[in-house]
Amino acid sequence: MSAGLPAPGSAFENLAADGSLDPAVKHVALTFDDGPTQYTRPIFEILKNAGVPATFFMLSDQVQANADLVREMTAAGMQIGSHSRNHPHLPGVDVWGQRDQIGGSTQVINSVAGPGTVSCFRPPYGEADAVTQQVVAENGLAIAKWSVDTRDWQKPPFATIIQRVQSSVRDRSVVLMHDGGGDRTATIAALPWVIQWLKDQGYQFVSLC
């Protein structure tokens, strides 16, 4: 199940504007940044075994070395977005640099996963300026942010990641986690518990874009 496609040039941090979702059902989107890495496979397997779709915002510099995994994830129903080439801080980067980071990364991911795969871009650190917005629109993409930050990049205990989801998630939330950028052992440990708790609360899972 996928959320409705956002309009190119738009930006969103939750699913509130998605009119394709049943208003009588609670929905949540799980997202993962900074992969693919050695942690992506176990996260993908947990999701697949649980029947849960998710969205992975990938760094294109790491995609080609993991091309088979990326294609397997796409075939299994995971959505792939761009998170730039190599995670720079985009505000202040000139238009040509941002075109390379945004448009260039999109081309690389599409060349691996299939034409038209990428329809959303998540700016590194969640920060975008007017140039970012312009270049995202030029590439026919939407800016995808989040509404629940597990802060797993701080490497907290796995129970803390679970608690942060439980205390913050609401209907139409977009949850941020990571499958790269450092040791993601705690994220892997927390994920089955997060999924089961959300299921127990009656949430249906959607992917973005």
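Throughout, read-outs are computed from the coordinates displayed, never taken from laboratory work. Because the structure is a prediction, the values reported are computed rather than measured. Every residue, glycine among them, receives a Cβ derived from its backbone with ideal geometry; neighbour counts consider all protein chains shown.
Mind checking the log10 I(q)/I(0) for region 50-143 at q = 0.10, 0.21, 0.24 Å⁻¹? Debye, one equal scatterer per Cα, no solvent, two decimals.
Cα-only, vacuum Debye calculation for region 50-143: -0.23, -0.94, -1.17.
Using label points projected 7 Å from each Cα along Cα→Cβ, tell me how many nm separate residue 25 and residue 159, to one decimal.
Simple spin-label model gives 3.4 nm for this pair.
Starting from the Cα of residue 26, draw a straight line to each of the aspartates and glutamates and keep only those under 15 Å, dropping any in the same chain fewer than 8 residues away.
Reachable aspartates and glutamates: 18, 171, 200.
Order these peptides, 198-209, 95-106, by their mean beta-carbon neighbour count within 10 angstrom, highest first. Walk me through the numbers before you get to the answer.
Details: 198-209: 17.6, 95-106: 19.4.
Output ranking for 198-209, 95-106: 95-106, 198-209.
I want to make sure I understand the PRE zone here: with the label point 7 angstrom from the Cα of residue 134 toward its beta carbon, which residues in region 72-94 have backbone N atoms less than 11 Å away?
Backbone N within reach: 94.
Step by step: find N for the chain, compute 2.2 N^0.38 Å, then divide the Cα radius of gyration by it. What's the final number?
Against the empirical 2.2 N^0.38 Å value, I get 0.94 for the chain.
Which shape class, rounded, prolate or oblate, goes with region 130-209 when its Cα gyration tensor gives a ≥ b ≥ c as root eigenvalues, a/c under 1.5 marks rounded, and past that a/b bigger than b/c marks prolate?
oblate
If r is the Cβ-Cβ distance from residue 197 to residue 127 and R0 is 35 Å, what FRET efficiency results, to the nearest 0.05?
Values: r = 30 Å, r/R0 = 0.86.
Efficiency computed from Cβ-Cβ geometry: 0.70.
Seen from all sides and averaged, what is the projected area of the convex hull of the Cα atoms in region 89-189, in nm²?
Projected area, direction-averaged: 7.6 nm².
Within the chain, which complete DSSP H helices have Cα atoms spanning at least 27 Å along the helix axis and a mean Kyte-Doolittle hydropathy of 0.5 or higher?
The qualifying helices: there are none.
Let me make sure I get this right: for region 7-78, a, b and c are the square roots of the gyration tensor eigenvalues over alpha carbons, sorted descending. Under 1.5 in a/c it's rounded, otherwise prolate if a/b > b/c, else oblate. Which is it?
Here region 7-78 falls in the oblate category.
Can you tell which of 33, 94, 61 shows the greatest fluctuation in a Gaussian network model of the chain with Cα springs below 10 Å?
94
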